[in-house]
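Have a look at the structure below before the remarks.
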Amino acid sequence: MSTWVVVLIVVVVIALIVWGVVSMVHVLQEYERGVVFRLGRVRSRAKGPGLIILLPFGVDRMRKVTLQTVAMNVPPQDVITKDNITMRVDAVIYAKVVEPVPAVVRVQNYLFAVSQAAQTNLRAMLGKYDLDTLLAERETINRELHGIIAHRTHDWGVEVIGVEIKDVDLPDELRRAMAREAEADRDARALMISADAERRASRLLSDAAAIISQNPQAMQLRFLQTITEVATEQNSTLVMPIPVELLSLFGRISGDSGNGRPGAPPAVPPPAASESPAGPEEGRPPEQGNGRPG
């Protein structure tokens, strides 16, 4: 055997040894785990993080799995609600791997499997609710959807942290109808508030009128107070064509007529008596003469 052949064999052996040593050493990050297959059989526990040693020349094969939380967007789904309204709904799922070995062995692609489970359960879940419940109780629907998907992915070694409905795309006709309904509801509430305010104001005015009717002088005081307020707020000259004393007269008239009984007629004074009482002969005609001189 020639020298060149021996040198070539030695070089090949050294290269194989170096390559084997290099292939044996692997470094995994803190958020990574390695599922090791030795001659096709999976090891019971995942490796990592840090420096790990594998058997070279294809004896050990490793598949890396990340433990980070993954946010997956569920594609928009056409959903028909309980009250026969068609809409498009999309959601987002937060999931992470807690058991690397089942996530690699029991399912081919755990991310794709979780996404498909979310899509099917999203359509089935939202079909049981009407539109008003879907829009008003979104948190309840998120919790129920999260429980269903988490139960499905538990055997895969994947933990679903949360499911949230991100957007609900309603048809344009339904949006306009909802806008008209909301506007009508606001108008009705405004009318109710205005009517209630009018009722309370009329009650207060009625109470004030009852108090003033019991004290007619209060009307004159109120009139003077109004004059003071107008003179304070507006720089103007007030001309009083009617004397203020007439207000007291109006107050007395209103007080007399406010009791509901007609006023008593004025008392007629009795006729004055004469200074000398009339005698029994008073009122008789004078006697006629007898034709003889007195």
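The values are calculated or read from the model by the stated rules, or taken from the named source; none is laboratory data. These figures come from a predicted structure and were not determined experimentally. Positions of Cβ are backbone-derived with ideal geometry, glycine not excepted, and every protein chain shown enters the neighbour counts.
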* Asked: Which one of these does Arg222 not meet: (1) free of Cβ contacts under 8 Å to residues at least 60 places away in the same chain; (2) out of contact with any helix residue (DSSP H, G or I) (no Cβ under 8 Å at 6 or more places or on another chain); (3) of a type outside the set (Phe, Trp, Tyr)?
  -> (2)
* Asked: Restricting attention to region 94-107, does a residue exist that is at negative phi and among the aromatic types (Phe, Trp, Tyr)?
  -> yes
* Among what's in region 146-173 and is surrounded by 13 or more Cβ atoms within 10 Å (Cβ to Cβ), out of contact with any strand residue (DSSP E or B) (no Cβ under 8 Å at 6 or more places or on another chain) and in contact (Cβ under 8 Å) with a residue 12 or more places away in the chain, pick the residue that is farthest from Arg88 (Cα to Cα). => Trp156
* Residues in region 23-45: is at least one in contact with a Lys or Arg (Cβ under 6 Å, 6 or more places away or on another chain), surrounded by 14 or more Cβ atoms within 10 Å (Cβ to Cβ) and assigned to a loop (DSSP other than H, G, I, E, B)? -> no
* To do: For region 54-63, indicate whether the set of residues that are within 19 Å of Val105 (Cα to Cα) and in contact (Cβ under 8 Å) with a residue 40 or more places away in the chain is non-empty.
  => yes
* Structure fact -> Residues of region 68-90 being over 12 Å from Asp169 (Cα atoms) and surrounded by 13 or more Cβ atoms within 10 Å (Cβ to Cβ), in sequence order, are Thr69, Val70, Met72, Val74, Thr81, Lys82
* To do: Identify the residue in region 48-65 that is under 10 Å from Glu32 (Cα atoms) and small (Gly, Ala, Ser) and, among all such residues, is modelled with the lowest pLDDT.
  => Gly48
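Here is a yes/no grid of residues against (1) under 11 Å from Leu54 (Cβ atoms); (2) touching a Ser or Thr at 6+ places or on another chain (Cβ under 9 Å):
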position	(1), (2)
Trp4	no, no
Leu8	no, no
Val12	no, no
Ile17	no, no
Gly20	yes, no
Val25	yes, no
Gln29	no, yes
Gly34	yes, no
Gly40	no, no
